[in-house]
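Colleague: The structure is given below, and queries will be raised subsequently.
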Amino acid sequence: MTSHEAETHALGRRVTAGYAAGSVGTGGFGVLPGLVLAYYLTDTLAVGALLAAVIVVIPKAIDVAINPVIGARSDKDAHTSAGRTRLMWIGSAAIIPLFILTFCAPTAAGPGLGALWVLVFFSLTAIAYACFQVPYVALPAYLTGDYHERTRLISVRIAVLALTILIVGAGAPAIRDAFGGGAAGYAVMAVCAALLIGGGMAASTATAGRAAQSAGEPTAHRPRDGFVALRDNHHYRTLLTVFVVQALATAVMLAGAQYLATYVLDDKSALTLVFASLVGPALIVMPLWVRLGRRWGKRRALLAASALFLIASLVLTVAIWAPGGWIFAPIALCGVAYAGLQTFPLAMLPDVIDEYSTQTGRNQGGALSGLWTAGETLGLALGPGVYLLVLAATGFRSSTADQTVTQSDTAVAGITAGFALVPAVLIAISIAVLSRYERSTRR
């Protein structure tokens, strides 16, 4: 059966919960490297900000190239006895040791070797993650063909995603600090996080992945088919551009959270509160976004979420001149908007997959989801890189875990500008692109 013929009644709780469990893996991996990897490089391994920017971008750039290939391989696997879940199982198993090794760099060997170590193992970790993520993102198109059921499915996933991000984002740094905050602290943190990430991926593979596999076999496609869709389908091209730019915006803000806590709020432990303010509201307002999506349509609701994020991040830029505890209020508004930014593009993607599959006469779920995850990976990777470039341009000085360097006023201003102003500009760009998304039936 194709995605057009998928069941339209409500999905069972087991399948819905199984699909949402995958967000424990994607949320954990999406948030933790973006939150602490740049800081690990600059403030534990003493890697310069400019070199650190290169280190965090290259592994994800590799993924951008390989994700469409994984998408093609995933569809071909559907014709074998292993089915859709083969790559998902490989990614679930491989990510655990590779993620741990990423945060076990030999600190005594100097920043050069430490940078190389992180580059190699984070690249391998990113590839393992892609093996799970690419087929995972395509699952809704195979699990149900119902327009509103897909929104419900995605909303449950995003709620679990937000909870995971909150727990991992706040809890992992706390574990790190509890074990000394240096190399040992990062190693223990990585073990705990890797087990959680791999476990969530495995649970999703065993339930939702197996259910999607029984839905039928798609037509195998070539890796370049996703790029053909990008060229030929306006809805897919626009939606992917918006999603990537917004992923970049949130990744930049995420990368700056630890620096904001340490150098602007003068309290490393304030990261927990910053992160809770950014992610916590998403858990509360998710049902509201689902209702707004039903009332306004997904496109209009996404525009509203984007506008709210833009306003809140612009207010945050005032902290360049007047830092203080007041910043937690606009950060929380960003968190409210974040729930919508995550929900609606992912709920619109299966609709676009159906549209393009009808247009071409072939099921294109793997092709479109492969390029989609490549774009998301690029946005999430460039976020820390862009933020580190802002730090380098404003004179930020790196340090080891044993010391905290006093930064210049210009560097502190750069820390705040990277956290607030850069995301605001990116969200404004995404709104301009989204305004060109043509209104079509129930979009």
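Colleague: Quick one: which residue in Val134, Val156 is part of a helix (DSSP H, G or I), at pLDDT 80 or above, farther than 21 Å from Lys60 by Cα and within 18 Å of the chain's Cα centre (by Cα)?
Modeller: Values: Val134 fails: farther than 21 Å from Lys60 by Cα.
Just a single option satisfies the conditions, and that option is Val156.
Colleague: Looking at the stretch 40-53, can you tell me whether even one residue there is under 20 Å from Ala174 (Cα atoms), under 16 Å from the mean Cα position of the chain (by Cα) and modelled with pLDDT of 85 or more? Spell out how you get there, then give the answer.
Modeller: Filtering the stretch 40-53 down to residues under 20 Å from Ala174 (Cα atoms) leaves 40-45.
After this cut, where a residue has to be under 16 Å from the mean Cα position of the chain (by Cα) as well, the list is none.
Within the stretch 40-53 (the criterion being under 20 Å from Ala174 (Cα atoms), under 16 Å from the mean Cα position of the chain (by Cα) and modelled with pLDDT of 85 or more), the answer is no, since none of the residues qualifies.
Colleague: Another question, if that's okay. Yes or no: the stretch 325-340 includes at least one residue that is buried (at least 24 other Cβ atoms within 10 Å of the Cβ), touching a Gly at 6+ places or on another chain (Cβ under 9 Å) and in contact (Cβ under 8 Å) with a residue 12 or more places away in the chain.
Modeller: We begin by selecting, within the stretch 325-340, every residue buried (at least 24 other Cβ atoms within 10 Å of the Cβ); these are 331, 334-335, 337-340.
The next check asks that each one be touching a Gly at 6+ places or on another chain (Cβ under 9 Å); those that pass are 335, 340.
From what is left, the residues that are in contact (Cβ under 8 Å) with a residue 12 or more places away in the chain are 335, 340.
The answer is yes, given that some residue of the stretch 325-340 is buried (at least 24 other Cβ atoms within 10 Å of the Cβ), touching a Gly at 6+ places or on another chain (Cβ under 9 Å) and in contact (Cβ under 8 Å) with a residue 12 or more places away in the chain.
Conditions (1) in a loop (DSSP other than H, G, I, E, B); (2) of a type in the set (Asp, Glu); (3) modelled with pLDDT of 80 or more, marked per residue:
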| position | (1), (2), (3) |
| --- | --- |
| Phe396 | yes, no, yes |
| Gln403 | yes, no, no |
| Gln407 | yes, no, yes |
| Val412 | no, no, yes |
| Ile431 | no, no, yes |
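Colleague: Cβ-Cβ below 9 Å, separation at least six or inter-chain, first residue in the stretch 86-113 and in contact (Cβ under 8 Å) with a residue 40 or more places away in the chain and surrounded by fewer than 18 Cβ atoms within 10 Å (Cβ to Cβ), second among the polar types (S, T, N, Q) and in a helix (DSSP H, G or I): which pairs?
Modeller: Once the first residue is in contact (Cβ under 8 Å) with a residue 40 or more places away in the chain and surrounded by fewer than 18 Cβ atoms within 10 Å (Cβ to Cβ) and sits in the stretch 86-113, its partners that are among the polar types (S, T, N, Q) and in a helix (DSSP H, G or I) give Trp89/Thr205.
Colleague: Could you grab me the full set of residues in the stretch 99-114 that are more than 30 Å from Ser74 (Cβ to Cβ), in contact with a Gly (Cβ under 9 Å, 6 or more places away or on another chain) and assigned to a helix (DSSP H, G or I)? Even if it seems obvious, please write down each step before you answer.
Modeller: Residues of the stretch 99-114 that are more than 30 Å from Ser74 (Cβ to Cβ), as a first pass: 104-114.
Remaining after also requiring in contact with a Gly (Cβ under 9 Å, 6 or more places away or on another chain): 105-107, 111.
The answer is Thr107, Pro111.
Colleague: Does Val264 meet the test of being β-branched (Val, Ile, Thr), surrounded by fewer than 24 Cβ atoms within 10 Å (Cβ to Cβ) and touching a Pro at 6+ places or on another chain (Cβ under 7 Å)? Before the answer, list the steps.
Modeller: Details: β-branched (Val, Ile, Thr): yes; surrounded by fewer than 24 Cβ atoms within 10 Å (Cβ to Cβ): yes; touching a Pro at 6+ places or on another chain (Cβ under 7 Å): yes.
It is true that Val264 is β-branched (Val, Ile, Thr), surrounded by fewer than 24 Cβ atoms within 10 Å (Cβ to Cβ) and touching a Pro at 6+ places or on another chain (Cβ under 7 Å).
Colleague: Whether any residue in the stretch 323-331 is out of contact with any strand residue (DSSP E or B) (no Cβ under 6 Å at 6 or more places or on another chain) and not in a helix (DSSP H, G or I) is what I want to check. Give the steps one after another, and end with the answer.
Modeller: Within the stretch 323-331, the first condition is being out of contact with any strand residue (DSSP E or B) (no Cβ under 6 Å at 6 or more places or on another chain), and the residues that meet it are 323-331.
When the remaining residues are screened for being not in a helix (DSSP H, G or I), the result is 323-324.
For the stretch 323-331, residues out of contact with any strand residue (DSSP E or B) (no Cβ under 6 Å at 6 or more places or on another chain) and not in a helix (DSSP H, G or I): present.
Colleague: Pull up the stretch 117-131, narrow it to residues that are β-branched (Val, Ile, Thr) and surrounded by fewer than 24 Cβ atoms within 10 Å (Cβ to Cβ), then point me to the one that is modelled with the lowest pLDDT.
Modeller: Ile127
Colleague: Output the residues belonging to the stretch 276-311 that are touching a Cys at 6+ places or on another chain (Cβ under 9 Å) and under 24 Å from Val168 (Cα atoms). Give the derivation first.
Modeller: Initial filter on the stretch 276-311 (touching a Cys at 6+ places or on another chain (Cβ under 9 Å)): 277-278, 281, 308-309.
Listed by number, the residues that qualify are Ser277, Leu278, Pro281, Phe309.
Colleague: Residues in the stretch 369-386: is at least one of a type in the set (D, E, K, R), within 28 Å of Gly110 (Cα to Cα) and at pLDDT 75 or above? It would help to see each step written out before you state the result.
Modeller: From the stretch 369-386, those of a type in the set (D, E, K, R) are 376; that's our starting set.
Those left that are additionally within 28 Å of Gly110 (Cα to Cα): none.
No: the stretch 369-386 contains no residue that is of a type in the set (D, E, K, R), within 28 Å of Gly110 (Cα to Cα) and at pLDDT 75 or above.
Colleague: Out of the stretch 56-95, which residues are among the polar types (S, T, N, Q), at pLDDT below 75, over 17 Å from Leu124 (Cβ atoms) and assigned to a helix (DSSP H, G or I)? Talk me through it step by step, then tell me what you get.
Modeller: Here is the first cut: in the stretch 56-95, the residues among the polar types (S, T, N, Q) are 67, 74, 80-81, 85, 92.
Add one more test, that the residue is at pLDDT below 75, and what stays is 67, 74, 80-81.
Narrowing the set further to residues that are over 17 Å from Leu124 (Cβ atoms) leaves 74, 80-81.
Once the filter is applied, which keeps residues that are among the polar types (S, T, N, Q), at pLDDT below 75, over 17 Å from Leu124 (Cβ atoms) and assigned to a helix (DSSP H, G or I), the stretch 56-95 yields only Ser74.
Conditions (1) modelled with pLDDT under 80; (2) under 16 Å from the mean Cα position of the chain (by Cα), marked per residue:
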residue	(1), (2)
Arg210	yes, no
Asp232	yes, no
Thr241	no, yes
Ala249	no, yes
Val252	no, yes
Leu260	no, no
Val264	no, no
Val274	no, no
Ser277	no, no
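The values are calculated or read from the model by the stated rules, or taken from the named source; none is laboratory data. None of these values were measured; they are calculated from a predicted model. Cβ: placed from backbone, ideal geometry, glycine included. Neighbour counts: every protein chain shown.
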